[in-house]
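Heads up, the thing below is written out as structure tokens.
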Amino acid sequence: MRRKFGLAGVGLILCFSLAAAPAPDFSGPELAQRLGCWACHALHGRGGKAGAPLDGIGARLAPGDLQEVLTRPRSRHPGAKMPSYAHLRPGEMEALVEYLASMK
């Protein structure tokens with residue numbers, strides 16, 4: 001015997017599946033730490049000196065520009081030694097860009 005789900009039943013199934021989805025296992029600050037950003041960049045006077053300080057980066061660059069710098073660092077600074085982070089998963093890239101954009 002086949003059961004039929006109405007539109008409300010399908011909606012409930014979708015709600016429960018979305019509610020049960022695990023939270024991402026990363027945040028912007030955790031990603032910055034894991035990726036080694038502080039080896040080259042400073043924030044609040046702490047960190048490396050090889051790259052530009054990240055204080056106020058969110059006021060200087062729009063989110064799209066931040067993503068461009070993260071995925072193609074030499075597009076803005078041809079001599080940059082910063083690696084590309086284009087390999088990050090979409091959720092990771094969004095979290096990192098959001099974190100950097102919040103630094104105003």
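Listed values, structure above:
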quantity: Dipole of the range 26-101, positive end: most advanced residue of PRO73, GLN33, ALA101 [Cβ charges, Cα centre]; calculated: PRO73
quantity: Rg to Rh, two decimals, where the range 26-101 supplies the alpha carbon set and Rh follows Kirkwood; calculated: 0.92
quantity: Mean Cβ count within 10 Å, highest first, over the residues of peptides 81-88, 50-57; calculated: 50-57, 81-88
quantity: ARG74 versus CYS40: modelled label distance in nm, points set 7 Å from Cα along the beta carbon direction; calculated: 1.2
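Values quoted throughout were computed directly from the atomic coordinates according to the rules given, and no laboratory measurement underlies them. Treat the numbers as computed from the prediction; the structure is a model and nothing was measured. All Cβ positions, glycine included, derive from the backbone under ideal geometry; neighbour counts span all protein chains shown.
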